[in-house]
Amino acid sequence: MGEKNRQWVLAKRPVGNEYADAVELRDTATPDLSDGDVLIRNIYFSLDAGTRMWMGPREDSYSPPTPLGSPVISTVLGRVRGSRHPDFRAGDLVRAYGQ
């Protein structure tokens, strides 16, 4: 789509409660949308207890740890920027589980 894609990436495992030190904001290319895809411009990004747990090395969760160098996945609230899904249109306000 030609737009800049900004992602919070897990750069290192947090020590104690130093979660802000564990992430880096990186610019990447925005991928082209395939059938069924929705591109969301995030307004809010949750850093809830589950997300914080996945940032660490624990493996006793219902979801595995986020690999280092990967985008942090969490609940987001945002607006649809582009859609190749029949149920979503540009401008829709959505809540999603993503990056």
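The values are calculated or read from the model by the stated rules, or taken from the named source; none is laboratory data. Since this is a predicted model, take the numbers as computed values, not measurements. Cβ sites come from the backbone with ideal geometry, for glycine too, and all protein chains shown count toward neighbours. Side chains are part of the model used for accessible areas, which takes the heavy atoms of the whole protein and leaves out ligands, DNA and RNA. Shrake-Rupley method; radii C 1.70, N 1.55, O 1.52, S 1.80 Å.
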For this session: For ARG58, put the label point 7 Å out on the Cα→Cβ axis and report which residues of segment 5-23 keep their amide N under 19 Å from it.
Result: 10-23
For this session: For the chain, report the accessible area per residue in Å² (1.4 Å probe, heavy atoms, rounded to an integer).
Result: 68 Å²
For this session: Taking Cα Rg over 2.2 N^0.38 Å as the quantity of interest, determine which of (1) 1.15; (2) 0.97; (3) 1.02 was computed from the displayed structure.
Result: (1)
For this session: Calculate the dipole size of the chain relative to its Cα centre from +1 charges on Lys and Arg beta carbons and -1 charges on Asp and Glu beta carbons; express the result in debye to the nearest 20.
Result: 220 debye
Exercise. Leaving out ligands, DNA and RNA, what percent of the accessible area of the chain is carbon and sulfur, probe 1.4 Å?
Worked result: 49 percent
Seminar exercise, completed: In units of 2.2 N^0.38 Å, the Cα radius of gyration of segment 17-67 is 1.44
